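The values are calculated or read from the model by the stated rules, or taken from the named source; none is laboratory data. This one's a predicted model, so the numbers in the text were calculated from it and none came from an experiment. Please note: Cβ atoms are built from the backbone with ideal geometry, for glycine as well, and neighbour counts cover all protein chains shown.
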Protein chains: 4
Amino acid sequence: MARKIRLGMVGGGQGAFIGAVHRIAAAIDGEMELVCGAFSSTPQKSKASGIALMVDPDRCYGSFEEMILQEKKRTDGMDAVAIVTPNHMHFAPAKMALQNGFHVICDKPVCFNLTEAKQLKTIIEKTKLCFALTHNYTGYPMVKEARHLIKKGAIGNIRKIIVEYPQGWLSFAAERSGTNKQAEWRTDPKRSGIAGAVGDIGTHAENLAEYITGLKITQLCADTTTYVTGRLLDDDANMLLRFNNGAKGILHCSQICNGDQNGLNIRVYGEKGALQWRQETPQYLHHKTIEGHSIYQPGVGKLSDAANYNSRIPFGHPEGYLEAFANIYRNFARTVRKSIDGKKPTAMELDFPTIDDGIRGLQFVAAAIKSGKANAKWVKMP
Amino acid sequence: MARKIRLGMVGGGQGAFIGAVHRIAAAIDGEMELVCGAFSSTPQKSKASGIALMVDPDRCYGSFEEMILQEKKRTDGMDAVAIVTPNHMHFAPAKMALQNGFHVICDKPVCFNLTEAKQLKTIIEKTKLCFALTHNYTGYPMVKEARHLIKKGAIGNIRKIIVEYPQGWLSFAAERSGTNKQAEWRTDPKRSGIAGAVGDIGTHAENLAEYITGLKITQLCADTTTYVTGRLLDDDANMLLRFNNGAKGILHCSQICNGDQNGLNIRVYGEKGALQWRQETPQYLHHKTIEGHSIYQPGVGKLSDAANYNSRIPFGHPEGYLEAFANIYRNFARTVRKSIDGKKPTAMELDFPTIDDGIRGLQFVAAAIKSGKANAKWVKMP
Amino acid sequence: MARKIRLGMVGGGQGAFIGAVHRIAAAIDGEMELVCGAFSSTPQKSKASGIALMVDPDRCYGSFEEMILQEKKRTDGMDAVAIVTPNHMHFAPAKMALQNGFHVICDKPVCFNLTEAKQLKTIIEKTKLCFALTHNYTGYPMVKEARHLIKKGAIGNIRKIIVEYPQGWLSFAAERSGTNKQAEWRTDPKRSGIAGAVGDIGTHAENLAEYITGLKITQLCADTTTYVTGRLLDDDANMLLRFNNGAKGILHCSQICNGDQNGLNIRVYGEKGALQWRQETPQYLHHKTIEGHSIYQPGVGKLSDAANYNSRIPFGHPEGYLEAFANIYRNFARTVRKSIDGKKPTAMELDFPTIDDGIRGLQFVAAAIKSGKANAKWVKMP
Amino acid sequence: MARKIRLGMVGGGQGAFIGAVHRIAAAIDGEMELVCGAFSSTPQKSKASGIALMVDPDRCYGSFEEMILQEKKRTDGMDAVAIVTPNHMHFAPAKMALQNGFHVICDKPVCFNLTEAKQLKTIIEKTKLCFALTHNYTGYPMVKEARHLIKKGAIGNIRKIIVEYPQGWLSFAAERSGTNKQAEWRTDPKRSGIAGAVGDIGTHAENLAEYITGLKITQLCADTTTYVTGRLLDDDANMLLRFNNGAKGILHCSQICNGDQNGLNIRVYGEKGALQWRQETPQYLHHKTIEGHSIYQPGVGKLSDAANYNSRIPFGHPEGYLEAFANIYRNFARTVRKSIDGKKPTAMELDFPTIDDGIRGLQFVAAAIKSGKANAKWVKMP
């Protein structure tokens, strides 16, 4: 019988951002369990973070080196390491994990610079272990569908690609507010590398364009800018692109697009038609030709195996359904915990439907059916 | 140190639908673990389903009665039971679980009929255990925000409420296709109760309207219809509503709205303004007045504590982000498993970004920064 | 050789609202000319209004009776009368015009009450003159397309119709503001008749539903309300409908839907698919089935003759294009007039593109082509 | 008393495209009348075209030279000339018209090349006559509003501008179909000039960007392409822009964006917020900041004088309302004409609401009010 894959985490302690996303992503399907972590480089903080995550305190380590060495000794040791630290702290733990026999899943960009990345590739090839990079935007079912449609020729030979990634959260000097750790390290060349917006989100746009189309960028002309005074890295870039099949394109990424949240989107124009996808409404894939405009959605009509394989929501439901459902479960779980501990749950924890909602629902049903049977007469509810 | 809440499940075996949703919802936050289940009334099927879910085979039971009795004996026994069977199988396991000291989280509608529901309420009150009903649509952050805004008077006294729940999946006799178990039991009065669409989705609409507004329906006039020949329950209803503050409204629910997926939406009009929310783009809450039109989103501007407490996506990301992220993790996990087992992963399992994407990204960064430094000159990529 | 149809107008003087719309609608295609009018029941006001509209002062009459009698005597007299007065002033001028040989085009609702309307029908039939009622929402190309698609069976037998007409402009006592003549007469039973919102906009919804589907309402259950204290007519209605083919439906119309502008929309569900249209984005007709979702637009793919016959915008342009174009013309015309009169045009009148924009455009073209020919090098603009 | 401005037209005969748009734009407000034209360079075709437009046959000229000379002699001669010929035929008639004392309104681009345009400017300045260029996209009320908001500092200092103009109608060799005159001359360097898409639509994008922002482009880097084999001019361009205040931007225009119709749109990002406008839904102007997202619309809340001055639709109605209204009038006018001529109107001409719709509406009103008065009971309709 199969057992869950055991995961250790590097980074992601209290106050971090992307660590929580990785943990949810690992948990959703019940195929992995978080068993240990070096959540912080301060041992005490690492332990506190781990305990809050209900990780065994003995497996909350003060450094990734310690974690790798200790977990290697255990018969129930971790199988894989998730690396969720800032960019400059990807290479060392990835290298050591691989060299000690652990699979690795790592946040992007993969390393601080190209030299490190190439070394890492050599190590991966030598160890034959699994390595995944969380370019998460290629994980959407409708992105898979787009790639599938292009591969099978639905829009013909590709001519033009426009990929955009506007954000607005760095349109002011957030890194000097003293309260935004994300802004601090992402604008710091010592931790982020040579690029700001280009590295942080431009790479997502590049990855999405090449993933969907199967093409490669061969040339680019980039107008990079730092709009916020005193900032050390670019916060905006406009680029012209050329691709290996002769297609041309535009890529722009920005963190100063005031009022935009996370506007990643792509338009691919071919000889026979076009595909359009926006991350903010990820369940819709638009297919346009001179003759008409259709919208693909998970669960509607026939989709590719790849789209179906990567969709876990019931047909006809939107992305996000699962999180709303999870809120009921989480609030219930926290209330149960308080009950077990003999404590009083908060109003927030108690915010889930109860037996009274159930009774109300059945009263509604009874009234509606009674009214319907009377050929639509008015009926009172209790 | 806290431990995870231990969950047992009744129903949700192979071929079922809503069980998987409950399991994901329970798993997302890492605060619960599925430790046992009576996944099917056939012991063999229950065990097979449990093993596929990586549940200890000794804790895969052939009946809910067995599960409750056995788990009660264990020191590490379950804390709570999730009931995900068809409607006619809610009451018995809920009652027995509560009477044996287990908390209960149950799919909706709560019971087969009102009599059962009222009995259940008595039991819950006597046992003082937690009971949650998964009216999941009230779990959305922007639904919480709407309730909050109304409570604080943002739209003034409520005058009119329009709540709709159109679906199209039963616009033909799907229950006679022989391949759609969902359609079969949901149109079967013996398993669903007195109502079809009204019970299955009308109750969600009713619950959403009362949750958001804080009002109660006092009277209704329902025109219920069975459009598909031979169907035994209603598949559509149009209703006029009256509320306890004098407001009026419309509720319609349908399973024959051809081409609609899961179009739950609500509009609430007050003396000073209106709120509109659609489940298909759940991250947007529209606020309209005679003076203008604003859109609220998680992570943008100041939201209520309730909206923030129930949102786990990073600011500026849409609902669905976590599932796309989870696809990377799941595919990686399955590839790792194959690696551990010495097997070859499938193309589907291998569909996640690798070191090559990482190198590509850094090549892109290097080219863009080089071009930018040269005042936007064309630069080649490898 | 054809000449323009000569139009006289009853009502529509200074301060009126719908008269201007009728005049624009009559002018757009150059097939009619406004030659005379009884723009007000005060002769002086009628003349002032007419002069502002550049109507021959001798043909600006103090009453519709005078206009009809005088125009009848002329060899170049009007051919048709447009009636744009409040409801209670439709019947008398329509009757007299018809009885004196003039065609009539009349704002809706056709008369103050049913008795008048039936008398009018008798007169029309006797005189064999043309009579048009401006239920303008059936004039949209995509409404014609919807009717055509239903007639040819594209969505099968119709089951359910939802038609809505929410407005918000009467959500407060605008009729008592002293500055809103529209609100005054539309809420006044002496001028509007027995109904407020139901007559003013409910009739549009009813007309649209019957026009598109070809069905007739056979029964209705209406919950009408007056929300604003002191108002004498309904300002909101929720209705259940039944149609002559067994279809059912919902109609609601409201003038207290705070924040809604003119939200007329319709959804028609049939056995094989559904059509959806919204007046606020009138160029899109949505066609949905269980298999997919397509959007029809003027100028895209093959449309019905009726849609094409009623579309005058160049393919690929949206509704509204012509008005924007007309702003250039109007502002130019007013500037020319000032030039002829030796006066100085205002900044508003001068707001149209000039030779400088033309030169700028050609400089842009020259720079772009030069850059393109140099394989995308940077080029300066003057 | 004012009289209408008298307009003569050069070009726009049968089979032409933009001429009809100009005529509608001139007619809408009833401030201009078309009195003469040189609709074609073939005298016979010019006369036939003019007669179809109900222009006096004696004033349908065989050349613009003839028109200018003849009209100059008349006491009721034209005031202004509208030039709607292909690009290479703008300069000569504009020059001669101006030199003979006529105001000019001209389609864009203003001339075949820059030399002509500069000469024309000299003539305009010398004659002191009015000259308008129909860069029509700056005519929208919400474009005026955007310019106003930027001028008053609503989004702060501008940093980034993205302006796009994708069309798809030339994604294949339409110019060689033998049936598309528009495609023929617009891809012909002898009639269009040195540019294809860049001149035809790129200039609109450039004009819109400079109009809204008040900035000037100082530098550009353009990657121009001819995708369709055998085509003689560019059909696509991607450009990087720099502006005189230091802002940067992207402009792309294309006629091979398969499935796009007329997707002109602009996004302007400033230090304090952003504005977004799309020509396909021109009634909405989006204003976004880090704090929130608002939508401006004609007739909602307080708008600038410029927006109000250029909006003629009743508040709360969308663009396009007037055309739908005009369809009722036009079809009525054609039916009246047939009646006058003793002919039978076609079904298309008869497609307008009649007295029966009026009676139906009042029956509906009567039934609804009766039902409402009976506290929402079912009522039959005739």
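General remarks:
- Top-ranked residue in the range D:334-365 [being surrounded by fewer than 17 Cβ atoms within 10 Å (Cβ to Cβ) and acidic (Asp, Glu); ranked as nearest to C:Thr224 (Cα to Cα)]: D:Asp356
- Flag for A:Ser63 being surrounded by fewer than 21 Cβ atoms within 10 Å (Cβ to Cβ), more than 14 Å from chain B (Cβ to nearest Cβ) and under 25 Å from A:Ile194 (Cα atoms): no
- Matching residues, the range A:119-128, being facing chain B (nearest Cβ under 9 Å) and surrounded by fewer than 19 Cβ atoms within 10 Å (Cβ to Cβ): A:Lys121, A:Glu125, A:Lys128
- B:Ala368 being facing chain A (nearest Cβ under 7 Å), closer than 24 Å to A:Gln182 by Cα and either at pLDDT 90 or above or surrounded by fewer than 21 Cβ atoms within 10 Å (Cβ to Cβ) (or both): yes
- Residue that is nearest to the other protein chains (Cβ to nearest Cβ) [pool: residues in the range B:283-333 that are surrounded by 24 or more Cβ atoms within 10 Å (Cβ to Cβ) and closer than 21 Å to D:Ile295 by Cα]: B:Lys288
Let's see how each residue does on (1) surrounded by fewer than 24 Cβ atoms within 10 Å (Cβ to Cβ); (2) among the aliphatic types (A, V, I, L, M); (3) under 23 Å from the mean Cα position of the chain (by Cα):
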site: B:Leu233; (1), (2), (3): yes, yes, no
site: B:Ala247; (1), (2), (3): yes, yes, no
site: B:Leu251; (1), (2), (3): no, yes, yes
site: B:Ser254; (1), (2), (3): no, no, yes
site: B:Asn258; (1), (2), (3): no, no, yes
site: B:Asn265; (1), (2), (3): yes, no, yes
site: B:Glu271; (1), (2), (3): yes, no, no
site: B:Leu275; (1), (2), (3): no, yes, yes
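- Filter result for B:Tyr165 (out of contact with any Ser or Thr (no Cβ under 7 Å at 6 or more places or on another chain) and part of a helix (DSSP H, G or I)): no
- Matching residues, the range B:337-350, being within 7 Å of another protein chain (Cβ to nearest Cβ) and closer than 21 Å to A:Tyr140 by Cα: B:Met348
- Summed over the range A:184-196, residues that are away from chain B (no Cβ under 12 Å) and of a type outside the set (Phe, Trp, Tyr) total 6.
- Scanning the range D:5-16 turns up one or more residues that are surrounded by fewer than 17 Cβ atoms within 10 Å (Cβ to Cβ) and within 23 Å of the chain's Cα centre (by Cα).
- The residues of the range B:291-304 that are in contact (Cβ under 8 Å) with a residue 12 or more places away in the chain and on the phi < 0 side of the Ramachandran plot, listed by number, are B:Tyr296, B:Gln297, B:Pro298, B:Val300, B:Leu303, B:Ser304.
- Selection within the range C:373-382 - out of contact with any helix residue (DSSP H, G or I) (no Cβ under 8 Å at 6 or more places or on another chain) and at the interface with chain D (Cβ under 7 Å from one of its Cβ atoms): C:Ala376
- Some residue of the range B:172-181 being farther than 24 Å from B:Val110 by Cβ, of a type outside the set (Lys, Arg), assigned to a helix (DSSP H, G or I) and in contact with a helix residue (DSSP H, G or I) (Cβ under 8 Å, 6 or more places away or on another chain): yes
- Inter-residue pairs, beta-carbon under 7 Å, first on the phi > 0 side of the Ramachandran plot and in the range A:182-208, second part of a helix (DSSP H, G or I), 6+ apart: A:Gly193/A:Asn87; A:Gly193/A:Gly199
- Applying the condition of being among the basic types (Lys, Arg) and over 18 Å from D:Pro353 (Cβ atoms) to the range C:129-164 and asking which residue is surrounded by the fewest Cβ atoms within 10 Å (Cβ to Cβ) yields C:Lys152.
- The range B:66-99, subset surrounded by fewer than 16 Cβ atoms within 10 Å (Cβ to Cβ) and of a type in the set (S, T, N, Q), residue nearest to B:Ile18 (Cα to Cα): B:Gln99
- Unique residue being in the same structural domain as B:Ile158 (by TED's automatic domain parsing) and among the basic types (Lys, Arg) when the list is B:Lys343, B:Lys272: B:Lys272
- Under the condition of being under 27 Å from C:Ile24 (Cα atoms) and part of a helix (DSSP H, G or I), the residues counted in the range C:119-149 number 13.
- Looking only at the range B:4-40, residues that are over 23 Å from A:Glu323 (Cβ atoms) and at pLDDT 90 or above come to 9 in all.
- In the condition set (1) touching a His at 6+ places or on another chain (Cβ under 7 Å); (2) touching a residue at least 40 places away in the same chain (Cβ under 8 Å); (3) within 25 Å of D:Ala16 (Cα to Cα), D:Cys106 is compliant with all but (2).
- Among (1) surrounded by fewer than 24 Cβ atoms within 10 Å (Cβ to Cβ); (2) more than 9 Å from every other protein chain (Cβ to nearest Cβ); (3) assigned to a helix (DSSP H, G or I) - the single one D:Glu116 does not satisfy: (2)
- Taking first residues from the range A:240-251 that are more than 14 Å from D:Leu251 (Cβ to Cβ) and partners that are assigned to a loop (DSSP other than H, G, I, E, B), the Cβ contacts under 8 Å between residues at least 6 apart in sequence or on separate chains come to A:Phe243/A:Leu215; A:Phe243/A:Lys216; A:Asn244/A:Leu215; A:Asn244/A:Lys216; A:Asn245/A:Asn157; A:Asn245/A:Leu215; A:Ala247/A:Leu215.
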